[in-house]
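Participant: Provided herewith is a single structure, encoded as structure tokens, for subsequent inquiry.
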Amino acid sequence: MHVLDRAERYLQLHARLIDRLRFEALFRGGSRERVLDVLRCYQNADGGFGHALEPDLRGAGSQPEPVEVAFWILDELDAFGTPMVPAACDYLASVTTPDGGVPFVLPSVRDTPRAPWWQTDDDPPGSLVPTASIAGLLHKHGVTHPWLTTATDFCWSRIEELKECGAYDTLAVLTFLEHVPDRARAEAEFARLRDTILATVTFDLEAEGHVHHPLDFAPEPARLPLFARDVLDPHLDALAAAQSAEGGWGPNWQMWTPAVEHEWGGYLTVQRLKTLRAYGRLPGFPPGAVLSVG
């Protein structure tokens, strides 16, 4: 059975509606608008997103990180013209700290079911996660909003201070540097941080647990390339081989309640298919191929 057919079967059996519709839009010529209709259901009146769009945050209330999840979905659909975007930016402005960034998570998380790592102080500072990723995606799509100016200044100041970082900071920084308009500054910071970034990457194909392999940092070819193709090829082989007997790809971190295993599985299965397609590893799709979406 074709890799897409196997994945589709997994999604039909296990995934959330939004991830089933993402698959249809991206790989079967389905409707983009149907994905957007479902995504709107995760957006709150304040412009933020909640309702377990980020599966490990189960509460209905808005948090910064689900905005990033929403923006990645809008990115894959090239749908940043939706009114959801300025509303989300207004929300981000409302929770931005005096240092110019949005926190990793807000104290309101304490009143909701969530994974054990979603903890915060009473007055959390701005964080590169998710400020830098969100700002990078807004720059990629040419969005203008007052929040983006403040967030961009925050990201530059924090990036310039970086001496070492964890994997999630690395992912956020790479998104920002890939898309921020000041290319000379971005390339200089990328060159300075390259060894620091590579120190967060797990190259061992057999490594288990919550590790981050090269394709997590390079899910598609980038203009700031971290890895040569001869590094990526064995990881692409391993990614293709990791499709489960059920047809999906699962998370490699703690599943703290049964619902999240397949919620993450559906989201990640679409992500893994996108990566295989971007590198020409999906039969029937040339490298970088993207189906038009309705």
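The values are calculated or read from the model by the stated rules, or taken from the named source; none is laboratory data. Note that the structure is a prediction, hence the values are computed from the model and not measured. Cβ atoms come from the backbone with ideal geometry, glycine included; neighbour counts cover every protein chain shown.
Participant: Residues that are over 20 Å from GLU76 (Cβ atoms) and polar (S, T, N, Q): does region 32-45 have at least one?
Facilitator: Scanning region 32-45, I find at least one residue that is over 20 Å from GLU76 (Cβ atoms) and polar (S, T, N, Q), so the answer is yes.
Participant: Taking the conditions exactly as written (at pLDDT below 95, assigned by TED's automatic domain parsing to the domain that holds PHE176 and closer than 30 Å to ARG194 by Cβ), does LYS140 satisfy them or not?
Facilitator: no
Participant: Could you tell me whether region 70-89 includes any residue that is within 26 Å of ALA278 (Cβ to Cβ), part of a loop (DSSP other than H, G, I, E, B) and among the charged types (D, E, K, R)?
Facilitator: Taking every residue of region 70-89 in turn, at least one turns out to be within 26 Å of ALA278 (Cβ to Cβ), part of a loop (DSSP other than H, G, I, E, B) and among the charged types (D, E, K, R).
Participant: Take the conditions buried (at least 16 other Cβ atoms within 10 Å of the Cβ) and either over 20 Å from the mean Cα position of the chain (by Cα) or under 13 Å from ALA93 (Cβ atoms) (or both) and apply them to LEU128. Does it pass?
Facilitator: On the way: buried (at least 16 other Cβ atoms within 10 Å of the Cβ): yes; either over 20 Å from the mean Cα position of the chain (by Cα) or under 13 Å from ALA93 (Cβ atoms) (or both): no.
Here the answer is no, as LEU128 does not meet what is asked.
Participant: Can you tell me which residue among ASP233, ASP204, ASP216 is within 24 Å of LEU174 (Cα to Cα), surrounded by 17 or more Cβ atoms within 10 Å (Cβ to Cβ) and not small (Gly, Ala, Ser)?
Facilitator: From the options ASP233, ASP204, ASP216, the qualifying one is ASP216.
Participant: Would you point out which residue out of ARG32, ARG58 is surrounded by fewer than 22 Cβ atoms within 10 Å (Cβ to Cβ) and in contact with a strand residue (DSSP E or B) (Cβ under 7 Å, 6 or more places away or on another chain)?
Facilitator: ARG58
Participant: Can you tell me how many residues in region 223-278 are under 30 Å from ARG114 (Cα atoms) and under 19 Å from the mean Cα position of the chain (by Cα)?
Facilitator: Total satisfying the criteria: 25.
Participant: If you go through region 172-228, how many residues are among the basic types (Lys, Arg), in contact (Cβ under 8 Å) with a residue 24 or more places away in the chain and part of a helix (DSSP H, G or I)?
Facilitator: 2
Participant: Which of (1) within 30 Å of ARG9 (Cβ to Cβ); (2) out of contact with any Gly (no Cβ under 7 Å at 6 or more places or on another chain); (3) of a type in the set (Gly, Ala, Ser) is the odd one out, the single condition ALA222 does not satisfy?
Facilitator: If we test ALA222 against (1) within 30 Å of ARG9 (Cβ to Cβ); (2) out of contact with any Gly (no Cβ under 7 Å at 6 or more places or on another chain); (3) of a type in the set (Gly, Ala, Ser), just (1) comes out false.
Participant: Quick check: anything in region 144-162 assigned to a loop (DSSP other than H, G, I, E, B), in contact with a helix residue (DSSP H, G or I) (Cβ under 6 Å, 6 or more places away or on another chain) and under 26 Å from LEU74 (Cβ atoms)?
Facilitator: For region 144-162, residues assigned to a loop (DSSP other than H, G, I, E, B), in contact with a helix residue (DSSP H, G or I) (Cβ under 6 Å, 6 or more places away or on another chain) and under 26 Å from LEU74 (Cβ atoms): present.
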